[in-house]
Amino acid sequence: MAEIQKVAVIGAGTMGNGIAQVLSHAGYKVAMMDIKQEFLDRGFESIKSSLAKMQEKGKVSVEQAARIIENIDGRLDIKSAAGDADLVIEAVPEELELKKDVFRQLDEICPAETILASNTSNCSITAIASATGRPEKVIGMHFSNPVPIMVGVELITGLDTSEDTLQTAKDVVIKINKEFWVAKDSPGFAGSRVLLLYINECFLILGEGIATAEDIDRNFKLALNHPMGPLELADLIGLDQLLHGLEYMNKEFGEKFLPSPLLKKLVSAGYYGRKTGRGVYKYS
């Protein structure tokens, strides 16, 4: 079984920079790669902001925060980032062909023993693995958002994912102080399939005027002990991403995943949630 020392993260967006942060915090040597310097800069700023909040709460010291940042190497070239990595975690947008293209490149440049993981929430791990010559070393590692705070990681096995690959992924999750559950490859897996369904139902309730957004969220927090209401969570995830996921699941499973008209209207207006300053709620 491979010993993981260096990890490359492909994509410095919300998920990618969060994954890089927790890996570095756990002592892994990390390379975080994106296609533009501005994307990398934004990723590092997000990490610094996250660590500043952790310092305020006494969860990391100033020295620890500095080491976490120093241990992440920003790269613009995928070969220099992943060419000597023991594990690569892809965190690019949820487009199957884009992910397959990334995995084709990784398969060419990474050593034969390197494990290739995808942070996808919807795309087929088996389909992604088909772009490589090492399908037994391809696995899904779907982190919960926001990564530095949430402890859950869904591990998804493709048709050919080996037991060694799964065990190595489990070991990494444990080392970064998170917990996992395992799902087989299927649209939406075990997590997103349920998440999309209940968030979409909340948009339908809101659109029908049955309850306000605040009261829908209050219901989940008070009655179900959720730390965040589903509509608050939707704004955090990004309404555009939710709509994309629902449209994909609608094609796979039919009418029960038909996107809410209100969700479609908000996305068409450019109201994606926290990242645009407005979604279900308004943000300053």
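Consider PRO187 carefully, then state whether it is assigned to a loop (DSSP other than H, G, I, E, B), under 25 Å from GLN21 (Cβ atoms) and touching a residue at least 40 places away in the same chain (Cβ under 8 Å). Full working, then the answer.
Working: assigned to a loop (DSSP other than H, G, I, E, B): yes; under 25 Å from GLN21 (Cβ atoms): no; touching a residue at least 40 places away in the same chain (Cβ under 8 Å): yes.
Considered against the rule, which asks whether it is assigned to a loop (DSSP other than H, G, I, E, B), under 25 Å from GLN21 (Cβ atoms) and touching a residue at least 40 places away in the same chain (Cβ under 8 Å), PRO187 comes out as no.
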Tabulated pairs, the range 1-23, first over 16 Å from ALA85 (Cβ atoms), second basic (Lys, Arg), C-beta under 9 angstrom, 6+ apart or interchain
GLY13/ARG42; THR14/LYS275; ASN17/ARG42; VAL22/LYS178
Which condition from (1) surrounded by fewer than 24 Cβ atoms within 10 Å (Cβ to Cβ); (2) over 16 Å from the mean Cα position of the chain (by Cα); (3) polar (S, T, N, Q) is the one that SER124 breaks?
(2)
Residue in the range 254-284 that is surrounded by the fewest Cβ atoms within 10 Å (Cβ to Cβ), counting only those that are over 12 Å from ASN200 (Cβ atoms) and among the hydrophobic types (A, V, I, L, M, F, W, C)
ALA269
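Would you point out which residue out of ASP217, ASP160 is within 23 Å of THR276 (Cα to Cα), charged (D, E, K, R), surrounded by 14 or more Cβ atoms within 10 Å (Cβ to Cβ) and free of Cβ contacts under 8 Å to residues at least 60 places away in the same chain? Working first, answer last.
Working: ASP160 fails: within 23 Å of THR276 (Cα to Cα).
Going through ASP217, ASP160 in turn, the sole match is ASP217.
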Got at least one residue in the range 126-135 being more than 22 Å from GLU179 (Cβ to Cβ), charged (D, E, K, R), in contact with a strand residue (DSSP E or B) (Cβ under 6 Å, 6 or more places away or on another chain) and assigned by TED's automatic domain parsing to the domain that holds GLY18?
no
Scan the range 10-21 for residues that are among the aliphatic types (A, V, I, L, M) and closer than 13 Å to PHE44 by Cα and jot them down.
ALA12, MET15, ILE19, ALA20
Run LEU166 past the list (1) in a loop (DSSP other than H, G, I, E, B); (2) touching a residue at least 12 places away in the same chain (Cβ under 8 Å) and report the number of the one that doesn't hold.
(1)
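Scan the range 59-85 for residues that are of a type in the set (Ser, Thr, Tyr) and surrounded by fewer than 13 Cβ atoms within 10 Å (Cβ to Cβ) and jot them down. Before you say what the answer is, go through the steps one by one.
First, the residues of the range 59-85 that are of a type in the set (Ser, Thr, Tyr): 61, 80.
Result: SER61, single match.
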How do the pairs read when you match residues in the range 198-209 that are in the same structural domain as HIS226 (by TED's automatic domain parsing) and without any contact (Cβ under 8 Å) to a residue 60 or more places away in the chain with residues anywhere that are in a helix (DSSP H, G or I) and not hydrophobic (A, V, I, L, M, F, W, C), using Cβ under 8 Å and keeping only pairs 6 or more apart or on different chains?
TYR198/PRO230; ILE199/PRO230; CYS202/PRO230; GLY207/PRO261
Does any residue in the range 101-114 that is in contact (Cβ under 8 Å) with a residue 12 or more places away in the chain come within less than 6 Å, Cβ to Cβ, of a residue that is assigned to a helix (DSSP H, G or I) and surrounded by fewer than 18 Cβ atoms within 10 Å (Cβ to Cβ) six or more places away or on a different chain, and which pairs are these?
ILE109/LYS79
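The values are calculated or read from the model by the stated rules, or taken from the named source; none is laboratory data. Predicted model, so just to flag it, every value in this text is computed and none were measured. As a convention, Cβ positions derive from the backbone with ideal geometry for all residues, glycine included, and neighbour counts pool all protein chains shown.
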